[in-house]
1. How many residues does the range 50-63 hold that are closer than 30 Å to VAL158 by Cα and either in contact (Cβ under 8 Å) with a residue 24 or more places away in the chain or not in a helix (DSSP H, G or I) (or both)?
2. Could you check ALA104 against (1) under 24 Å from ARG9 (Cα atoms); (2) in a helix (DSSP H, G or I); (3) of a type outside the set (Phe, Trp, Tyr); (4) open to solvent by less than 50 Å² (accessible area, probe 1.4 Å) and say which number it fails?
3. Filtering the range 28-43 down to residues that are open to solvent by 50 Å² or more (accessible area, probe 1.4 Å) and under 21 Å from the mean Cα position of the chain (by Cα), which residue is modelled with the lowest pLDDT?
4. Which of the residues that make up the range 124-166 are at pLDDT 70 or above, open to solvent by less than 100 Å² (accessible area, probe 1.4 Å) and among the aliphatic types (A, V, I, L, M)?
5. How many of the residues in the range 73-91 are of a type outside the set (Val, Ile, Thr), modelled with pLDDT under 90 and open to solvent by less than 50 Å² (accessible area, probe 1.4 Å)?
6. Return the pair list, or none, for Cβ contacts closer than 9 Å from residues in the range 85-110 that are touching a residue at least 60 places away in the same chain (Cβ under 8 Å) to residues that are open to solvent by less than 40 Å² (accessible area, probe 1.4 Å) and among the β-branched types (Val, Ile, Thr), at least 6 apart or on different chains.
7. Just to check your reading of the model, which residue among ALA11, ALA46, ALA70 is at pLDDT below 80, open to solvent by 20 Å² or more (accessible area, probe 1.4 Å), in a helix (DSSP H, G or I) and aliphatic (A, V, I, L, M)?
8. Looking at this structure, is ALA94 open to solvent by 40 Å² or more (accessible area, probe 1.4 Å) and either of a type in the set (Ser, Thr, Tyr) or over 13 Å from LEU24 (Cα atoms) (or both)?
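The values are calculated or read from the model by the stated rules, or taken from the named source; none is laboratory data. All values derive from a computational prediction rather than experimental measurement. Cβ sites come from the backbone with ideal geometry, for glycine too, and all protein chains shown count toward neighbours. Protein only, heavy atoms only, side chains kept; ligands, DNA and RNA dropped before computing areas. Shrake-Rupley method; radii C 1.70, N 1.55, O 1.52, S 1.80 Å.
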Amino acid sequence: LAALASALREAVDGATDAERLALLRSHPDLAGKAALAGELTSESTAEQCHAGLSSLSADELARFTKLNEAYTARFGFPFILAVRNANKATIFAAFERRVTNSAAAELAEAVAQVHKIAWMRLNELVRPNPTGFLTCHVLDTARGCPAAGMRIELKRRVESSNGGGDSWAEVGSFLTNEDGRIVGGAGPQEGGGGGGGG
């Protein structure tokens with residue numbers, strides 16, 4: 001996965017200025033006309049929705065429109081930000097900070113954001129084969145010794161694909177041994193869950 005991301009980065013970084021500008025110009029505006037018309041890719045739609053851009057107030061939408069227009073007029077390409085882990089406040093702050101950048105600084109920042117978006121999307125598409133195992137060592141700090149016989153429940157966060165709240169999927173439930181450890185660790189199971197026990 002890292003090699004693929006590196007190859008993509010090298011292709012973009014080795015492109016001509018005109019090719020990089022064409023790449024940047026192919027991105028949609030955040031909360032722009034394509035989003036309002038439902039013409040974004042499913043990935044962009046999910047990312048903008050998760051960041052709260054699908055539920056903008058009329059004032060927020062007007063602010064986005066004004067910032068999009070000012071940014072594009074200044075730099076010649078749309079404002080690009082990896083919004084997967086952002087919210088409206090952080091997006092507005094980045095927008096207002098970056099619209100005052102120099103052309104060279106903003107071109108570099110926009111390309112860096114493209115790389116970040118590509119990395120996040122690759123991570124979402126490619127699930128690595130599980131290797132190794134998860135282990136746990138629980139200590140009873142009040143007694144100063146391992147916590148034997150303690151039930152441990154491991155869960156992983158599952159992002160909602162429809163913009164709703166995230167949920168938690170159980171990886172496994174374990175009991176610590178006399179040394180406060182999960183014997184055998186929580187190894188991979190079918191379907192990406194964990195197993196093991198003690």
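1. We begin by selecting, within the range 50-63, every residue closer than 30 Å to VAL158 by Cα; these are 50-57, 60-61.
Restricting the remaining residues to those that are either in contact (Cβ under 8 Å) with a residue 24 or more places away in the chain or not in a helix (DSSP H, G or I) (or both) gives 50-54, 56-57, 60-61.
Adding up the residues that qualify gives 9.
2. Condition (4) is where ALA104 drops out.
3. Here the residue is THR41.
4. Passing the criteria: VAL126, VAL138, ALA142, ALA147, ALA148, MET150, ILE152, LEU154, VAL158.
5. Number of matching residues: 4.
6. Pairs found: ILE91/VAL83; ALA110/ILE80.
7. ALA46
8. no
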